[in-house]
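Working notes, structure below.
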Amino acid sequence: MEQELNIQKNVALAPFTTLGVGGPAHLFTNVDDEFGLMQAFEFAQKNNLEIFVLGGGSNVLISDNGFQGLVIRVGVRGISLSDANEGNVDLTAGAGEIWDDVVRYAVENDLAGIECMSGIPGLVGGTPVQNVGAYGQEVSETVVSVRCYDRRDGAMIELTNAECGFSYRTSIFNTSEKGRYVVLSVVFRLKKGGTPKLAYPELVKELENAERKGVSSDLKAVREAVVKIRRRKSMVIDPDDLNSRSAGSFFKNPIVTEDALNSVRSITPDPPFFPMSDGNVKLPAAWLIEQSGFHKGYIHGNVGISEKHSLAIINRGGATAAEVVGLMTNIKDAVKEKFGVELHPEPVFVGF
Ligand SMILES: Cc1cc2nc3c(=O)[nH]c(=O)nc-3n(C[C@H](O)[C@H](O)[C@H](O)COP(=O)(O)OP(=O)(O)OC[C@H]3O[C@@H](n4cnc5c(N)ncnc54)[C@H](O)[C@@H]3O)c2cc1C
(Lines give C-alpha, C1' and ligand atoms only; values in the text may rest on other atoms or scores of the structure.)
Protein backbone atom coordinates (compact mmCIF):
# COMPACT_ATOMS: atom_id res chain seq x y z
CA MET A 1 0.00 0.00 0.00
CA GLU A 2 1.24 3.50 -0.75
CA GLN A 3 2.18 5.34 2.43
CA GLU A 4 1.67 8.99 3.35
CA LEU A 5 4.84 11.03 3.29
CA ASN A 6 6.03 11.48 6.87
CA ILE A 7 8.08 14.69 7.19
CA GLN A 8 9.82 15.28 10.51
CA LYS A 9 11.20 18.64 11.65
CA ASN A 10 14.59 19.42 13.18
CA VAL A 11 15.98 15.88 13.16
CA ALA A 12 19.51 15.34 14.54
CA LEU A 13 21.65 13.95 11.72
CA ALA A 14 24.72 12.90 13.72
CA PRO A 15 23.11 9.60 14.82
CA PHE A 16 22.50 8.77 11.16
CA THR A 17 26.22 8.97 10.45
CA THR A 18 29.14 6.74 11.43
CA LEU A 19 31.28 9.74 12.40
CA GLY A 20 28.51 11.00 14.68
CA VAL A 21 29.05 14.73 14.22
CA GLY A 22 27.01 17.60 12.79
CA GLY A 23 23.76 19.48 13.33
CA PRO A 24 20.14 18.73 12.47
CA ALA A 25 18.16 18.48 9.25
CA HIS A 26 15.54 21.21 8.99
CA LEU A 27 13.25 18.53 7.50
CA PHE A 28 13.75 14.77 7.24
CA THR A 29 11.88 11.89 5.64
CA ASN A 30 12.39 8.17 5.07
CA VAL A 31 11.21 6.81 1.74
CA ASP A 32 10.66 3.11 1.17
CA ASP A 33 9.61 3.04 -2.48
CA GLU A 34 9.57 4.96 -5.74
CA PHE A 35 6.20 6.50 -5.00
CA GLY A 36 7.45 7.86 -1.67
CA LEU A 37 10.50 9.30 -3.37
CA MET A 38 8.41 11.11 -6.00
CA GLN A 39 6.18 12.49 -3.24
CA ALA A 40 9.24 13.76 -1.34
CA PHE A 41 10.55 15.52 -4.45
CA GLU A 42 7.13 17.07 -5.14
CA PHE A 43 7.01 18.32 -1.55
CA ALA A 44 10.51 19.80 -1.85
CA GLN A 45 9.68 21.50 -5.13
CA LYS A 46 6.44 22.98 -3.79
CA ASN A 47 8.26 24.32 -0.74
CA ASN A 48 11.38 25.37 -2.62
CA LEU A 49 13.63 23.17 -0.49
CA GLU A 50 17.13 21.96 -1.17
CA ILE A 51 17.48 18.16 -0.98
CA PHE A 52 20.16 15.89 0.37
CA VAL A 53 19.89 12.14 -0.23
CA LEU A 54 21.24 10.12 2.69
CA GLY A 55 22.12 6.44 2.77
CA GLY A 56 23.93 4.83 5.69
CA GLY A 57 25.84 8.03 6.51
CA SER A 58 29.22 6.31 6.37
CA ASN A 59 30.75 8.67 3.85
CA VAL A 60 29.47 12.05 4.91
CA LEU A 61 30.55 14.96 7.09
CA ILE A 62 27.54 16.99 8.23
CA SER A 63 28.26 20.62 9.15
CA ASP A 64 27.64 21.84 12.69
CA ASN A 65 24.75 23.94 11.35
CA GLY A 66 23.18 20.83 9.86
CA PHE A 67 21.25 20.94 6.60
CA GLN A 68 18.65 23.64 5.97
CA GLY A 69 16.57 21.71 3.41
CA LEU A 70 14.96 18.26 3.23
CA VAL A 71 17.03 15.15 3.91
CA ILE A 72 15.62 12.09 2.15
CA ARG A 73 16.81 8.76 3.49
CA VAL A 74 16.36 6.09 0.83
CA GLY A 75 15.22 2.83 2.40
CA VAL A 76 14.06 0.87 -0.67
CA ARG A 77 14.49 -2.82 0.26
CA GLY A 78 14.64 -6.15 -1.57
CA ILE A 79 17.24 -8.63 -2.79
CA SER A 80 16.54 -11.00 -5.66
CA LEU A 81 18.46 -13.32 -8.00
CA SER A 82 17.91 -14.12 -11.67
CA ASP A 83 19.87 -16.24 -14.13
CA ALA A 84 21.99 -14.35 -16.62
CA ASN A 85 24.23 -15.56 -19.49
CA GLU A 86 27.12 -18.07 -19.21
CA GLY A 87 26.45 -19.32 -15.69
CA ASN A 88 26.26 -15.81 -14.28
CA VAL A 89 23.60 -14.69 -11.88
CA ASP A 90 22.19 -11.18 -11.57
CA LEU A 91 21.67 -9.98 -8.03
CA THR A 92 19.32 -7.02 -7.73
CA ALA A 93 19.41 -5.12 -4.45
CA GLY A 94 17.32 -2.17 -3.27
CA ALA A 95 19.24 1.02 -2.43
CA GLY A 96 18.18 0.74 1.22
CA GLU A 97 19.67 -2.73 1.78
CA ILE A 98 22.70 -2.86 4.04
CA TRP A 99 25.65 -3.43 1.73
CA ASP A 100 27.34 -6.03 3.89
CA ASP A 101 24.09 -8.06 4.12
CA VAL A 102 24.13 -8.20 0.33
CA VAL A 103 27.76 -9.36 0.26
CA ARG A 104 26.97 -12.06 2.84
CA TYR A 105 23.93 -13.14 0.80
CA ALA A 106 26.06 -13.42 -2.35
CA VAL A 107 28.75 -15.43 -0.57
CA GLU A 108 26.17 -17.76 1.03
CA ASN A 109 24.73 -18.37 -2.45
CA ASP A 110 28.19 -19.15 -3.84
CA LEU A 111 28.23 -16.06 -6.03
CA ALA A 112 31.62 -14.48 -6.67
CA GLY A 113 32.36 -10.85 -7.51
CA ILE A 114 31.82 -8.72 -4.39
CA GLU A 115 33.40 -10.87 -1.62
CA CYS A 116 36.45 -8.61 -1.11
CA MET A 117 34.11 -5.72 -0.27
CA SER A 118 32.85 -7.50 2.86
CA GLY A 119 32.45 -5.31 5.92
CA ILE A 120 32.19 -1.96 4.13
CA PRO A 121 29.54 0.08 5.98
CA GLY A 122 26.64 1.85 4.31
CA LEU A 123 23.76 0.96 2.06
CA VAL A 124 23.63 -0.41 -1.48
CA GLY A 125 22.56 2.96 -2.96
CA GLY A 126 25.84 4.53 -1.89
CA THR A 127 28.04 1.92 -3.56
CA PRO A 128 27.89 3.11 -7.18
CA VAL A 129 28.19 6.75 -6.08
CA GLN A 130 31.88 6.55 -5.20
CA ASN A 131 32.50 3.20 -6.91
CA VAL A 132 33.15 1.52 -3.59
CA GLY A 133 36.11 -0.79 -3.48
CA ALA A 134 38.48 -2.69 -1.23
CA TYR A 135 41.17 -5.36 -1.41
CA GLY A 136 41.48 -5.22 -5.19
CA GLN A 137 37.78 -5.25 -6.03
CA GLU A 138 35.40 -2.41 -6.99
CA VAL A 139 31.65 -2.46 -7.57
CA SER A 140 32.24 -1.22 -11.13
CA GLU A 141 33.53 -4.73 -11.96
CA THR A 142 30.09 -6.27 -11.37
CA VAL A 143 27.50 -3.49 -11.76
CA VAL A 144 25.27 -4.21 -14.78
CA SER A 145 22.84 -1.34 -14.29
CA VAL A 146 21.65 1.20 -11.76
CA ARG A 147 17.98 2.12 -11.50
CA CYS A 148 17.63 5.77 -10.63
CA TYR A 149 15.23 8.63 -10.31
CA ASP A 150 16.42 11.37 -12.65
CA ARG A 151 15.71 14.66 -10.89
CA ARG A 152 16.33 16.70 -14.03
CA ASP A 153 13.78 14.88 -16.19
CA GLY A 154 11.50 13.72 -13.35
CA ALA A 155 11.64 10.12 -14.61
CA MET A 156 12.89 6.67 -13.62
CA ILE A 157 15.86 5.50 -15.67
CA GLU A 158 18.21 2.50 -15.91
CA LEU A 159 21.84 3.49 -16.38
CA THR A 160 24.23 0.91 -17.83
CA ASN A 161 27.65 0.31 -16.33
CA ALA A 162 29.28 2.41 -19.09
CA GLU A 163 26.81 5.25 -18.50
CA CYS A 164 27.82 5.36 -14.82
CA GLY A 165 31.34 6.47 -15.84
CA PHE A 166 33.11 4.57 -13.10
CA SER A 167 36.69 5.29 -12.14
CA TYR A 168 38.73 5.21 -8.90
CA ARG A 169 36.25 6.37 -6.18
CA THR A 170 34.27 8.27 -8.79
CA SER A 171 31.29 7.93 -11.09
CA ILE A 172 28.96 10.39 -12.80
CA PHE A 173 26.98 10.35 -9.51
CA ASN A 174 29.70 12.25 -7.65
CA THR A 175 31.24 14.17 -10.56
CA SER A 176 29.63 15.34 -13.82
CA GLU A 177 26.02 14.55 -12.77
CA LYS A 178 26.37 15.15 -9.06
CA GLY A 179 22.97 15.49 -7.37
CA ARG A 180 21.01 14.56 -10.51
CA TYR A 181 20.19 10.91 -9.79
CA VAL A 182 18.78 9.08 -6.80
CA VAL A 183 19.78 5.42 -6.80
CA LEU A 184 16.84 3.08 -6.19
CA SER A 185 18.39 -0.31 -6.92
CA VAL A 186 21.51 -1.85 -8.40
CA VAL A 187 22.00 -5.02 -10.48
CA PHE A 188 25.30 -6.87 -9.92
CA ARG A 189 26.39 -9.68 -12.26
CA LEU A 190 28.01 -12.41 -10.18
CA LYS A 191 29.66 -15.71 -11.11
CA LYS A 192 27.99 -18.85 -9.77
CA GLY A 193 30.66 -21.06 -8.20
CA GLY A 194 33.28 -18.50 -9.24
CA THR A 195 36.65 -18.25 -7.59
CA PRO A 196 37.33 -15.37 -5.21
CA LYS A 197 39.46 -12.44 -6.35
CA LEU A 198 42.84 -12.55 -4.65
CA ALA A 199 44.60 -9.45 -5.94
CA TYR A 200 45.76 -7.98 -2.66
CA PRO A 201 48.93 -9.27 -0.99
CA GLU A 202 47.62 -8.61 2.54
CA LEU A 203 44.53 -10.70 1.82
CA VAL A 204 46.56 -13.51 0.25
CA LYS A 205 48.78 -13.60 3.34
CA GLU A 206 45.79 -13.74 5.67
CA LEU A 207 44.37 -16.65 3.68
CA GLU A 208 47.69 -18.48 3.65
CA ASN A 209 47.70 -18.27 7.45
CA ALA A 210 44.14 -19.59 7.52
CA GLU A 211 44.99 -22.41 5.10
CA ARG A 212 47.77 -23.58 7.33
CA LYS A 213 44.98 -24.09 9.82
CA GLY A 214 43.04 -26.10 7.20
CA VAL A 215 40.69 -23.46 5.80
CA SER A 216 40.46 -23.32 2.00
CA SER A 217 40.30 -20.11 -0.03
CA ASP A 218 36.64 -20.26 -0.99
CA LEU A 219 34.35 -17.23 -1.03
CA LYS A 220 33.42 -17.74 2.60
CA ALA A 221 37.06 -17.89 3.69
CA VAL A 222 37.83 -14.73 1.72
CA ARG A 223 34.90 -12.92 3.31
CA GLU A 224 36.06 -14.00 6.76
CA ALA A 225 39.66 -12.99 6.05
CA VAL A 226 38.62 -9.55 4.76
CA VAL A 227 36.46 -8.89 7.81
CA LYS A 228 39.28 -10.05 10.08
CA ILE A 229 41.78 -7.68 8.45
CA ARG A 230 39.25 -4.84 8.49
CA ARG A 231 38.45 -5.44 12.15
CA ARG A 232 42.16 -5.22 13.02
CA LYS A 233 42.18 -1.79 11.37
CA SER A 234 38.86 -0.71 12.95
CA MET A 235 37.41 -0.54 9.45
CA VAL A 236 34.19 -2.31 10.41
CA ILE A 237 31.68 -0.39 12.51
CA ASP A 238 31.78 -1.59 16.10
CA PRO A 239 30.01 0.53 18.75
CA ASP A 240 32.58 -0.66 21.29
CA ASP A 241 35.54 0.42 19.17
CA LEU A 242 36.20 4.17 19.34
CA ASN A 243 38.62 3.87 16.42
CA SER A 244 35.73 2.91 14.14
CA ARG A 245 33.78 6.12 14.82
CA SER A 246 34.90 7.54 11.51
CA ALA A 247 33.89 8.11 7.91
CA GLY A 248 36.40 5.45 6.81
CA SER A 249 39.39 6.70 4.88
CA PHE A 250 39.21 10.47 5.06
CA PHE A 251 41.50 10.99 2.06
CA LYS A 252 41.63 9.41 -1.39
CA ASN A 253 44.93 7.99 -2.56
CA PRO A 254 46.24 10.76 -4.84
CA ILE A 255 46.93 9.90 -8.47
CA VAL A 256 49.98 11.80 -9.68
CA THR A 257 52.27 12.00 -12.71
CA GLU A 258 55.66 10.25 -12.97
CA ASP A 259 57.28 13.71 -12.49
CA ALA A 260 55.39 14.27 -9.26
CA LEU A 261 56.48 10.79 -8.10
CA ASN A 262 60.09 11.74 -8.83
CA SER A 263 59.79 14.88 -6.79
CA VAL A 264 58.37 12.83 -3.88
CA ARG A 265 61.37 10.49 -4.34
CA SER A 266 63.74 13.42 -4.08
CA ILE A 267 62.34 14.22 -0.63
CA THR A 268 61.94 10.68 0.74
CA PRO A 269 63.56 7.79 -1.15
CA ASP A 270 61.58 4.68 -2.15
CA PRO A 271 58.02 5.86 -1.68
CA PRO A 272 55.43 3.11 -2.13
CA PHE A 273 53.28 3.56 -5.27
CA PHE A 274 50.96 1.64 -7.59
CA PRO A 275 51.32 2.16 -11.37
CA MET A 276 48.06 3.00 -13.15
CA SER A 277 47.16 1.89 -16.68
CA ASP A 278 47.38 5.51 -17.97
CA GLY A 279 51.03 5.93 -16.95
CA ASN A 280 50.23 7.88 -13.78
CA VAL A 281 50.83 6.42 -10.32
CA LYS A 282 48.70 6.14 -7.19
CA LEU A 283 50.42 7.14 -3.96
CA PRO A 284 49.16 5.78 -0.64
CA ALA A 285 47.67 8.78 1.23
CA ALA A 286 48.39 6.94 4.52
CA TRP A 287 52.14 6.95 3.77
CA LEU A 288 52.14 10.64 2.79
CA ILE A 289 50.27 11.54 5.98
CA GLU A 290 52.58 9.54 8.25
CA GLN A 291 55.68 10.95 6.54
CA SER A 292 54.27 14.45 7.14
CA GLY A 293 54.16 13.97 10.90
CA PHE A 294 50.65 12.66 11.51
CA HIS A 295 50.84 9.27 13.18
CA LYS A 296 48.21 6.76 14.20
CA GLY A 297 46.63 7.84 17.49
CA TYR A 298 47.34 11.55 16.87
CA ILE A 299 45.04 13.68 19.05
CA HIS A 300 43.55 17.07 18.13
CA GLY A 301 40.92 18.05 20.75
CA ASN A 302 37.88 15.83 20.41
CA VAL A 303 39.04 14.43 17.10
CA GLY A 304 42.10 12.45 16.15
CA ILE A 305 43.59 9.86 13.86
CA SER A 306 42.56 6.25 14.48
CA GLU A 307 45.12 4.25 16.47
CA LYS A 308 44.74 1.51 13.84
CA HIS A 309 44.56 3.40 10.55
CA SER A 310 46.28 6.66 9.65
CA LEU A 311 43.66 7.57 7.02
CA ALA A 312 40.73 7.58 9.43
CA ILE A 313 39.79 10.76 11.27
CA ILE A 314 37.80 9.74 14.34
CA ASN A 315 35.35 11.37 16.71
CA ARG A 316 36.90 10.78 20.13
CA GLY A 317 33.68 11.92 21.80
CA GLY A 318 31.70 15.15 21.52
CA ALA A 319 33.54 16.24 18.35
CA THR A 320 32.29 19.03 16.11
CA ALA A 321 32.47 19.15 12.33
CA ALA A 322 34.66 22.25 12.70
CA GLU A 323 37.23 20.14 14.59
CA VAL A 324 37.16 17.48 11.87
CA VAL A 325 37.71 20.15 9.21
CA GLY A 326 40.50 21.66 11.33
CA LEU A 327 42.43 18.40 11.53
CA MET A 328 41.77 17.66 7.85
CA THR A 329 43.19 21.07 6.90
CA ASN A 330 46.30 20.60 9.05
CA ILE A 331 46.97 17.22 7.43
CA LYS A 332 46.36 18.50 3.88
CA ASP A 333 48.62 21.52 4.44
CA ALA A 334 51.44 19.41 5.91
CA VAL A 335 51.39 16.93 3.00
CA LYS A 336 51.26 19.74 0.45
CA GLU A 337 54.15 21.56 2.12
CA LYS A 338 56.37 18.48 2.39
CA PHE A 339 55.65 16.66 -0.87
CA GLY A 340 53.75 19.19 -3.04
CA VAL A 341 50.94 16.64 -3.31
CA GLU A 342 47.30 17.70 -2.94
CA LEU A 343 45.11 15.38 -0.86
CA HIS A 344 41.38 15.27 -1.54
CA PRO A 345 38.84 14.22 1.08
CA GLU A 346 36.74 11.15 0.35
CA PRO A 347 33.59 11.94 2.41
CA VAL A 348 30.84 14.18 1.07
CA PHE A 349 30.53 17.53 2.88
CA VAL A 350 26.91 18.39 3.69
CA GLY A 351 25.62 21.82 4.73
CA PHE A 352 28.97 23.64 4.51
C1 LIG B 1 34.73 2.30 8.94
C2 LIG B 1 34.51 2.62 7.47
C3 LIG B 1 35.18 1.87 6.50
C4 LIG B 1 34.97 2.16 5.13
N5 LIG B 1 35.64 1.41 4.21
C6 LIG B 1 35.47 1.67 2.89
C7 LIG B 1 36.15 0.90 1.91
O8 LIG B 1 36.87 -0.04 2.22
N9 LIG B 1 35.97 1.22 0.61
C10 LIG B 1 35.14 2.24 0.22
O11 LIG B 1 35.02 2.46 -0.99
N12 LIG B 1 34.47 2.98 1.12
C13 LIG B 1 34.61 2.73 2.44
N14 LIG B 1 33.96 3.48 3.38
C15 LIG B 1 33.10 4.60 2.92
C16 LIG B 1 31.61 4.25 2.84
O17 LIG B 1 31.31 3.13 3.62
C18 LIG B 1 31.16 3.98 1.42
O19 LIG B 1 31.42 5.09 0.61
C20 LIG B 1 29.64 3.69 1.35
O21 LIG B 1 29.30 3.15 0.11
C22 LIG B 1 28.77 4.91 1.58
O23 LIG B 1 27.42 4.47 1.59
P24 LIG B 1 26.36 5.14 2.51
O25 LIG B 1 25.06 4.44 2.28
O26 LIG B 1 26.80 5.20 3.92
O27 LIG B 1 26.30 6.59 1.87
P28 LIG B 1 26.18 8.01 2.61
O29 LIG B 1 27.37 8.22 3.46
O30 LIG B 1 24.85 8.15 3.25
O31 LIG B 1 26.24 8.99 1.35
C32 LIG B 1 27.43 9.15 0.62
C33 LIG B 1 27.12 9.86 -0.70
O34 LIG B 1 26.32 9.01 -1.50
C35 LIG B 1 25.07 9.63 -1.79
N36 LIG B 1 24.02 8.62 -1.74
C37 LIG B 1 23.79 7.72 -0.77
N38 LIG B 1 22.74 6.96 -1.09
C39 LIG B 1 22.32 7.40 -2.30
C40 LIG B 1 21.27 7.02 -3.18
N41 LIG B 1 20.41 6.05 -2.88
N42 LIG B 1 21.13 7.70 -4.35
C43 LIG B 1 21.97 8.71 -4.67
N44 LIG B 1 22.97 9.12 -3.89
C45 LIG B 1 23.13 8.46 -2.72
C46 LIG B 1 24.87 10.71 -0.75
O47 LIG B 1 24.05 11.76 -1.22
C48 LIG B 1 26.31 11.14 -0.52
O49 LIG B 1 26.67 12.04 -1.52
C50 LIG B 1 34.11 3.21 4.74
C51 LIG B 1 33.45 3.96 5.73
C52 LIG B 1 33.64 3.66 7.09
C53 LIG B 1 32.91 4.46 8.12
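The values are calculated or read from the model by the stated rules, or taken from the named source; none is laboratory data. Note that the structure is a prediction, hence the values are computed from the model and not measured. Glycine also receives a Cβ, built like all others from the backbone with ideal geometry; neighbour counts cover every protein chain displayed.
Values for this structure:
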quantity: Test set (1) more than 8 Å from the ligand (Cβ to nearest atom); (2) of a type in the set (A, V, I, L, M, F, W, C); (3) not in a strand (DSSP E or B) - Val144 fails condition number; calculated: (3)
quantity: Contacts under 9 angstrom Cβ, first residue in the range 78-94 being over 16 Å from Gly126 (Cα atoms), partner in a strand (DSSP E or B) and at pLDDT below 95, 6 or more apart; calculated: Asp83/Lys192; Gly87/Lys192; Asn88/Lys192; Val89/Asp83; Val89/Lys192; Asp90/Asp83
quantity: Residues satisfying the stated conditions in the range 78-103, i.e. more than 16 Å from the ligand (Cβ to nearest atom) and either more than 20 Å from Ser145 (Cβ to Cβ) or assigned to a strand (DSSP E or B) (or both); calculated: Ser80, Leu81, Ser82, Asp83, Asn88, Val89, Asp90, Leu91
quantity: Candidate set from the range 244-280 (those that are within 15 Å of the ligand (Cβ to nearest atom) and aromatic (Phe, Trp, Tyr)); member that is nearest to Gly22 (Cα to Cα); calculated: Phe250
quantity: Residue list for the range 52-91, filter: of a type in the set (Val, Ile, Thr), crowded, with 18+ Cβ neighbours inside 10 Å and farther than 22 Å from Pro345 by Cβ; calculated: Ile72, Val74, Val76, Val89
quantity: Those residues of the range 276-330 which are more than 21 Å from the chain's Cα centre (by Cα) and aromatic (Phe, Trp, Tyr), in sequence order; calculated: Phe294, Tyr298
quantity: Within the range 31-49, tally of residues that are in contact with a helix residue (DSSP H, G or I) (Cβ under 9 Å, 6 or more places away or on another chain) and within 12 Å of the ligand (Cβ to nearest atom); calculated: 1
quantity: The range 114-147, residues that are over 15 Å from Tyr200 (Cβ atoms) and in contact with a Pro (Cβ under 9 Å, 6 or more places away or on another chain); calculated: Val139, Ser140, Val143, Val146
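Here is a yes/no grid of residues against (1) assigned to a loop (DSSP other than H, G, I, E, B); (2) within 11 Å of the ligand (Cβ to nearest atom); (3) modelled with pLDDT under 95; (4) among the charged types (D, E, K, R):
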residue: Glu177; (1), (2), (3), (4): yes, yes, no, yes
residue: Val186; (1), (2), (3), (4): no, yes, no, no
residue: Pro196; (1), (2), (3), (4): yes, no, yes, no
residue: Leu203; (1), (2), (3), (4): no, no, yes, no
residue: Glu206; (1), (2), (3), (4): no, no, yes, yes
residue: Arg223; (1), (2), (3), (4): no, no, no, yes
residue: Ile229; (1), (2), (3), (4): no, yes, no, no
